[in-house]
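Only the coordinates and a few stated rules stand behind these numbers; no lab work does. Being a predicted model, the structure only gives us computed values, none of them experimental. Here the Cβ positions follow ideal geometry from the backbone for every residue, glycine too, while neighbour counts run over all protein chains shown.
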Amino acid sequence: MLRAKNAKNYPPSFVRDNAAFRSRLVEQLANSLTAPFPEATERRVFSQIAFPGKATAVVGVRRAGKTTFLHQVRQTLIGQGFPRERLPYINFEDERLAGLTANELSILIEEYYRRFPAWRGKETVAWCFDEIQNVPGWERFVRRLLDSEKVDVFVSGSSAALLSREIASALRGRAWEVTIFPFSFEEYLRHHKKEVPKRFDLLSANERSALQGALREYLVAGGFPEAQGLDAKTRYQLLLDYVDVAMLRDVVERHRVSNVVSLRWLVRHLLGNPGGLFSVEKFHAALKSQGLAVARDTLHELLGFLEDCFLIRISWIEGASERRRMVNPRKVYPVDPGLIPVFDRSGKSNLGHALETAVRVELERRGLECSYVRTIDGFEVDFLARSPEGNEALIQVCLDLAETGVMEREVRGLLSAAQEYPRAALEIVTLFPEAARNIPENIQVHDAAIWLLNPLAPWTEENK
């Protein structure tokens, strides 16, 4: 504890809270080095988890499993021979740390190296800071830590405070981003202790049928970890609470939004119409007809806020000019198919839109750029996916090709778009591939369950 005669050498907040904060930080530090890891389904990401000299920022929608992923990173490092003592984890959501500032985080570092002095400057220490946005000025602390110590740093927290563009600016190019989404279909199967096939070409008819049945369940329940195994009523309430918290904390509080009524209308519309074409101008007119006054610019801002907090994902129209992108409607998807039945008021089964949503999120999960195509002939293709290597695929998603006119429409759109994108592979992803008849040879028809489980898109170089 500080002596009174030394108090003048420290900032007032440091003197006031030093002893209490030291006690709580030391307690967390000690627990992190000995406490058992929480049991959880292992998450799979399709990007490099860490980058030398940079802080890894784990971002994503609320309740997707970012904290769990931090513990997974620690367990992975231990499996690679990293000593547990060099993997400290601090959770700043602890209410007893309220009021902690970046200056006082030096307590943590000094306490750690007091315990392990031989490692300072010689052995890498992998620090994991959860909910670090609760500490004002945390960015300066992380930069200083990276510059002055031999460390790897992992941070996670609310997407309201860990936005991609702000991390890049705050850490001055010292950030590496990893996005965590709700469970993919593959993670969903493992979570429910269902077998994930190792050889898709050797599946029996019964195995394929079971896999398709599991996919239908996934498209209804979605992939939020806490929502698994719940009855529909409880699940709907849980997911509705998730959305309310995201709106309140990630949009209203963060951006000081005053027109909450219009925000709620916007959220209900977007989540209840997955994959639909969304025009700010048309939605503005609809709100005006209901007597709700809101500026068009405000709606554009709200749309951006909802994408920033990962509640929605947006696909722009493919086009060479920025003007074409801006004047055409966007296609908007929820971040998880489980949100669709919570907000869809039609009362109908919406598996087709849920499948399209799952494909859209999976493309982003795999690190692919994603847009939609409207051809000069007026046909539409759900996705133009482009890999970092420049490989392209035009992808149509449909529930059942046997429905009247569906197969003809999907094929016609692909063939029309192929004239504008001749290098692109042509694909149809469907829940019932057996319904495909007389499909042109240059179009691949994929069983949706198998497509979602394939760790690499079939058209990338690795699979050619």
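Measuring r between the beta carbons of ASP377 and LYS288 and using R0 = 45 Å, the FRET efficiency lands at 0.85. Listed by chain and number, the aspartates and glutamates whose alpha-carbon sits under 13 Å from that of LYS150, ignoring those within fewer than 8 places in the same chain, are GLU123. Angle of helix 406-420 to the longest C-alpha principal axis of the chain, folded into 0 to 90 degrees and rounded to 10: 70°.
By the beta-carbon count within 10 Å of each Cβ, the least crowded to most crowded order of TYR242, TYR236, fewest first, is TYR236, TYR242. What separates the Cα centres of the range 379-436 and the range 349-374 is a distance of 12 Å.
The antiparallel fraction among DSSP beta bridges confined to the chain stands at about 35%. Here the peptides 193-203, 254-264 are ranked by packing, the mean other Cβ count within 10 Å, and the order with the highest first is 254-264, 193-203.
Among (1) 86, 59, 45; (2) 63, 52, 40; (3) 123, 67, 56, which one is Cα extents along the principal axes in Å computed from these coordinates? The value computed from this structure is option (1).
Max-minus-min Cα coordinates of the range 389-447 on each principal axis give 33, 20, 17 Å, with the largest extent listed first. What FRET efficiency, computed as 1/(1 + (r/R0)^6) with R0 = 35 Å and r the Cβ-Cβ distance, is obtained for LEU230 and THR76, rounded to the nearest 0.05? Approximately 0.75, to the nearest 0.05. Residues LEU240, LEU414 in ascending order of nearby Cβ atoms (within 10 Å, fewest first): LEU240, LEU414. Extension gain for THR404 to HIS269 (0.36 nm times residue separation, less C-alpha to C-alpha distance): 45.8 nm. The label point for ALA40 and the one for GLU207, both projected 7 Å from the Cα toward the Cβ, are 3.1 nm apart. Between ASN454 and GLU420, the contour length at 0.36 nm per residue exceeds the alpha carbon distance by 9.5 nm. Straight Cα distances below 13 angstrom link LYS194 to the aspartates and glutamates GLU186, GLU207, GLU217, with same-chain residues fewer than 8 positions distant left out.
Between the C-alpha center of the range 77-98 and that of the range 250-283 there is a gap of 37 Å. Amide H contacts of PHE310 (H built 1.01 Å from N, in plane; Pro and chain starts excluded): no residue 5 or more places away or on another chain comes under 5 Å. Classify the range 218-279: rounded, prolate or oblate, from the alpha-carbon gyration tensor (a ≥ b ≥ c, eigenvalue square roots; a/c under 1.5 rounded; otherwise prolate if a/b is larger than b/c)? Oblate, because a/c is 1.5 or more while a/b does not exceed b/c.
If the segment from GLU392 to GLN48 were pulled out straight at 0.36 nm per residue, it would be longer than the present Cα-Cα gap by 121.7 nm. If you plug the beta carbon distance of ALA30 and GLU322 into 1/(1 + (r/R0)^6) with R0 = 45 Å, you get a FRET efficiency near 0.25. Residue pairs exceeding 32 angstrom between C-alpha atoms, taken from LYS66/LYS198; LYS193/LYS233; LYS66/LYS331; LYS54/LYS193; LYS66/LYS233; LYS233/LYS331: LYS54/LYS193.
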